[in-house]
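One structure is given below, encoded as structure tokens.
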Amino acid sequence: MRTSPLLIAFALVFAVVDVPFVGHASDENKVEVFSWWTSGGEAAALDALFSVFERQDPGVQIVNAAVAGGGGSAARSVLQTRLAGGTPPDTWQTHPGSELRGQYVEPGFCEPITDLYKSNGWDTAFPKELVLSLMTEDRQIYAVLAGIHRGNVLWYNARLLEKNGIKVGDRMTFDQFFAACDKLKAAGIPALGVGDSGVWASAQLFENTLLGVVGTKSWLDLFSGAMQWDDPKVKEAIKLFGKMQDYVNADHAALSWDQAIKALIEGKVAFSSMGDWADGEFLKANLKEKVDFGWICHPGTDGVFIIIADGFTLAKNAPHKEAALAWLKSIGSKEAQEAFNPIKGSIPARTDVDRSKFDAYHQWSMDSFAKDKPVPSCVHGEAAPAAFQQALNDAVTLFLVDRDVDRFANALVRAARGFPARNP
Ligand code: BGC
């Protein structure tokens, strides 16, 4: 095909003149997006959101204000400083539930976006329960979800397990898990990969183990105050969490969560208990599902889905409100949800997406979300106030050193005295 002379002329003009195009828009026409999506898989997924937005709203400059540190371990305090100082980003990543309400809505840092739900038909496109129970305050809705992660997943290096004669079915009990760990240990392989340079990754291993021991009802009771944190069942979970430490990679404190997943990919460790943003790293590394890596529920947690959802807010006095609203509208679109989630490892929050666009892991997670019991995560801010989340991190840090089960439980009892103000 011949290129037309007109096109060539346009190309020359654009090459010479600094034409205002995407990325060169005027100062007014931009949106600052704050998140902590900086690992390989996370950044690729964020880019996919940006691309959809650029297609839907050409001419708006995106300012990517991501702050590195998994789980928002560094980003959330940077954000608080900006919010308190009156210099908010236009929109930021948030977990619904306690985090959204307690840290952003109640102190008055967010504007409701209820109108977006009405004007875009989102009332029916998003799961009503989730929106109502986790993102609504005084009948106003404060965030739109980009996707929903599953927290309680046990990932494994399929080739490494096969090489060591370990078979994984579609579920694993704690006993089976520890038997596999012993076999790997005998072969000189650290069974469990952890990267807790941000301590939340170990807290998440504890959270998953706690759910595996106490079950759904007790989980909800712990966060509503109906069950105490020094209950024998909680102590049993702490003991199991302690036992797991004997199989963890020696360099865990030097690694981030994604470096631990990299160690799994490279066959240096066999398992990792991590939210399904880990899937984003497998995809980024071009690994084949069920051939190179596999997954099951964290032991004992079959039938339960720990929800770790990612939403975006609208800042009160957003410097670029119109562009921020356009960004939120874009995130809630089917196009964005279908572009972002297959890369991020999460499932779309919208229920009307084209399932054929998703791989086997996502199909598994979507099925689980549809039939299993959903519970909120504490480590990712949904189930309890920030002070409790921090107390859990501190208790885990100390426990990794002293292995004192009673001290761990008592620290949580003390921390829980300040809540619940209400159920998540
Ligand atoms: C977020 C995920 C993110 C993970 C690791 C979680 O808190 O919900 O989107 O990928 O942290 O950074």
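Values quoted throughout were computed directly from the atomic coordinates according to the rules given, and no laboratory measurement underlies them. Note that the structure is a prediction, hence the values are computed from the model and not measured. Here Cβ is always computed from backbone atoms with ideal geometry, including for glycine, and neighbour counts include all displayed protein chains.
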Between F293 and residues 5 or more places away or on another chain, the pairs with built amide H atoms under 5 Å apart involve A158, K288
Near the amide H of V144, under 5 Å away, which other amide H atoms are found, from residues 5 or more places off or on another chain, if H is placed in the peptide plane? F312
Could you pull out the pairs from K233/K290; K167/K268; K185/K357; K239/K268; K239/K373 whose alpha carbons sit more than 30 Å apart here? K233/K290; K185/K357
Neighbour net charge for A68 - beta-carbon separation under 13 angstrom, K R +1, D E -1: -1
What dipole magnitude, in Debye to the nearest 20, does the chain give about its Cα centre under +1 on Lys/Arg Cβ and -1 on Asp/Glu Cβ? 600
From phi via Karplus (6.51, -1.76, 1.60), per-residue ³J(HN,Hα) for region 46-59 in Hz, x at Gly/Pro: 5, 4, 5, 5, 4, 4, 4, 4, 5, 6, 6, 10, x, x
Place the peptides 51-58, 352-359 in order of packing, highest mean first, counting for every residue the other Cβ atoms within 10 Å and averaging per peptide. 51-58, 352-359
Taking every DSSP beta bridge with both residues inside the chain, roughly what % is antiparallel (nearest 5)? 60
Starting from the amide H of G198, placed 1.01 Å from N in the peptide plane, find each other amide H under 5 Å away whose residue is 5 or more places distant or on another chain. W257
When Rg is the radius of gyration of the Cα atoms in the chain and Rh is its Kirkwood radius, what does Rg/Rh come to? 1.00
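Within a Cβ distance under 14 Å of M244, other residues only, what is the Lys/Arg minus Asp/Glu net charge?
Charge balance near M244 sits at -2.
Would you work out the charge dipole size for region 334-378 about its Cα centre, treating the Cβ of every Lys and Arg as +1 and the Cβ of every Asp and Glu as -1, and quote it to the nearest 20 debye?
120
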Tell me, what HN-Hα J-couplings in whole Hz come from the Karplus equation 6.51 cos²θ - 1.76 cosθ + 1.60 at θ = phi - 60° for each residue of region 285-300, using x for Gly and Pro? 8, 6, 7, 9, 4, 6, 9, 8, 9, x, 7, 8, 5, 3, x, x
Once Lys and Arg are counted +1 and Asp and Glu -1 for all other residues with Cβ under 11 Å from that of V105, the total becomes -3
From the residues P88, P190, W36, which one has its Cα farthest along the dipole of the chain in the positive direction, the dipole being from +1 and -1 charges on Cβ of Lys/Arg and Asp/Glu about the Cα centre? P190
